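I have placed the structure first, in the form of structure tokens, so that the comments after it can refer back to it.
The values are calculated or read from the model by the stated rules, or taken from the named source; none is laboratory data. These figures come from a predicted structure and were not determined experimentally. FYI the Cβ positions are ideal-geometry reconstructions off the backbone, even for glycines, and counts take in every protein chain you see.
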Amino acid sequence: MTLIKSISGIRGTIGGIPGENFTPLDIVRFTSAYGKWIKENKSGEIMVYTGRDSRISGSMAHSLVNNTLVGIGINVVDLGVSPTPTLGIAVNSEKASGGIMLSASHNKKEWNALKLFNSKGEFINEEDGIKILKYADNINFSYANVHELGTITSREDYIEKHINKILKLESVDKVGIQNSKFKIVVDGINSVGGVAIPKLLDSLNVEVVKINCNPNGNFAHDPEPLAENLKELCDAVLENKADLGIAVDPDVDRLVFVDEKGKLFSEEYTLVACADYILSQQKGKTVSNLSSTRALSDVTKKYGESCFSSAVGELNVVKEMKKVSAVIGGEGNGGVIYPKLHYGRDAMVGTALFLSLVTSKQKSVSEIRSSYPSYFMSKNKISANENVNLDSILDQLAKEYSNERISLVDGLKIDFPEMWVHLRKSNTEPVIRIYTEATTKSEANKLSNKFISKINHLIEKI
């Protein structure tokens, strides 16, 4: 059982002991801390939008969040079961004071989380996150009297509003997609994606074959959209002779495709493909995090533009995108951020952009995938004693490879001519995560093993 506190929210496993797990008391405590922060930064009427994915604990946790905010004197607009990006769009569009999304993203059904938004519909920044965590630890709250309690208003129209905003984007080839008459299999992991993605596709004249689209929270498989979890989708694409398959995570901010041959397009290439399309429509810079595939940089350079890297995490990607005025960005986990809609990972707009790409190229999904540079990743980690200074180890490796192109923005990334390695210290446990990428799987594994040996040797010397 686990409780993880971070600057952007709190997540953990349901039940157990307060302070160690994601319990009702913890939900109330952290919601109270967020409410206190909101009231300090907003005068006049305060309105917070809330939503949840379809996981089993969602109704219980959502009710606690809503009524805690009411008890603080904050008015609530409850979007019910909604995607995370839908909530972000609602907060921004309605000029709300903030938002709380209840979703543990790709974590299994035993988990839930509070994702905290600012008034722009974006995740709160590090400074505000630290402040909220301190408030939660101090438990020094003041609640409203009976005449100052907040209210709860329900809205059920925002998925449709989200879809309409996507369809109005100049970059989305609505007519072209409608005329293409695609047949697509959707794996909604029995969460809100099983509702939202088919609704979007219906509006685009797509024939939809649904699997795991009953939003009951009983996830049919591990919800992270990785190859080992999507065999059913791959088989269904072949069985139904579909043009492609779509899988999303439980709160619809991550996206992965399956080609017409039943092969995974790779979540690392979701952003690559969407960026390829956007750059074909307009010039501009792109951004991904340091652990994402080099293929995005290759595609960006093809258009004579520059690709920038940020620290890992949506908040960091968005910050860099704003800094360089990027036209598109995201993360290699299937997260697409298209700022003309909003600054948040969004599988729905990613789907529309990808279908626009397929329409424009008049090629099959497998042909499009083969047109991009092929890279292979290896992801590992090394555990160490809590007394080991992992920062010192990364410093030593940075000195050893100082003649290579390195980045210290988030741990240590070393860019070799044909491959790279990214070493990151975990924020929650004494672990160094090791990500490598190369032009073959064996080279990626070889590079990973090389640095595993180096790190273990340095740990032994301490």
Extreme residue, surrounded by the most Cβ atoms within 10 Å (Cβ to Cβ), among residues of the range 24-34 that are in contact (Cβ under 8 Å) with a residue 60 or more places away in the chain and touching a strand residue (DSSP E or B) at 6+ places or on another chain (Cβ under 9 Å): Tyr34
Out of the residues in the range 35-46 that are in contact (Cβ under 8 Å) with a residue 12 or more places away in the chain and out of contact with any helix residue (DSSP H, G or I) (no Cβ under 9 Å at 6 or more places or on another chain), which is surrounded by the most Cβ atoms within 10 Å (Cβ to Cβ)? Lys42
For Val237, indicate whether it is part of a helix (DSSP H, G or I), out of contact with any Phe, Trp or Tyr (no Cβ under 7 Å at 6 or more places or on another chain) and crowded, with 24+ Cβ neighbours inside 10 Å. yes
Scope the range 240-261; condition part of a loop (DSSP other than H, G, I, E, B) and buried (at least 20 other Cβ atoms within 10 Å of the Cβ); matching residues: Ala242, Asp243, Asp249, Pro250, Asp251, Val252, Asp253, Arg254, Asp259
Just one listed residue, out of Ile14, Ile74, Ile10, is buried (at least 24 other Cβ atoms within 10 Å of the Cβ), touching a residue at least 12 places away in the same chain (Cβ under 8 Å), touching a Phe, Trp or Tyr at 6+ places or on another chain (Cβ under 9 Å) and β-branched (Val, Ile, Thr), and it is Ile10
From the options Ser32, Ser63, residue that is over 22 Å from the mean Cα position of the chain (by Cα) and under 21 Å from Pro215 (Cα atoms): Ser63
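Quick one: count up the residues across the range 384-401 that are of a type in the set (Ser, Thr, Tyr) and at pLDDT 95 or above.
Going through the range 384-401 one residue at a time, the tally reaches 1.
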Could you pull out the residue among Lys36, Lys42 that is modelled with pLDDT under 95 and closer than 18 Å to Glu148 by Cα? Lys42
For the range 168-190, give me each residue that is among the aliphatic types (A, V, I, L, M) and either surrounded by 15 or more Cβ atoms within 10 Å (Cβ to Cβ) or not assigned by TED's automatic domain parsing to the domain that holds Leu230 (or both). Leu169, Val172, Ile177, Ile184, Val185, Val186, Ile189
With the structure loaded, tell me whether Ile197 is closer than 20 Å to Asn333 by Cα, among the β-branched types (Val, Ile, Thr) and either in a helix (DSSP H, G or I) or at pLDDT below 95 (or both) or whether it fails that test. yes
Please count how many residues of the range 220-229 are surrounded by fewer than 21 Cβ atoms within 10 Å (Cβ to Cβ) and in a loop (DSSP other than H, G, I, E, B). 4
Inside the range 328-421, counting only strands (runs of 3 or more DSSP E) that do not spill past its ends, which hold 3 or more residues that are loosely packed, with under 15 Cβ neighbours inside 10 Å? 376-383
Which pairs do you get when a residue that is farther than 29 Å from Pro18 by Cα and touching a residue at least 60 places away in the same chain (Cβ under 8 Å), found in the range 130-159, comes within reach of a residue that is surrounded by 11 or more Cβ atoms within 10 Å (Cβ to Cβ) and among the polar types (S, T, N, Q), reach meaning Cβ atoms under 7 angstrom, with the pair 6+ apart or on two chains? Tyr158/Ser82; Tyr158/Thr86; Ile159/Ser82; Ile159/Thr86
Of (1) of a type in the set (Phe, Trp, Tyr); (2) surrounded by 15 or more Cβ atoms within 10 Å (Cβ to Cβ); (3) within 23 Å of Tyr49 (Cα to Cα), Tyr143 satisfies every one except (2)
What helices (runs of 4 or more DSSP H), lying completely within the range 120-186, carry at least 2 residues that are more than 24 Å from the chain's Cα centre (by Cα) and not small (Gly, Ala, Ser)? 126-138, 174-180
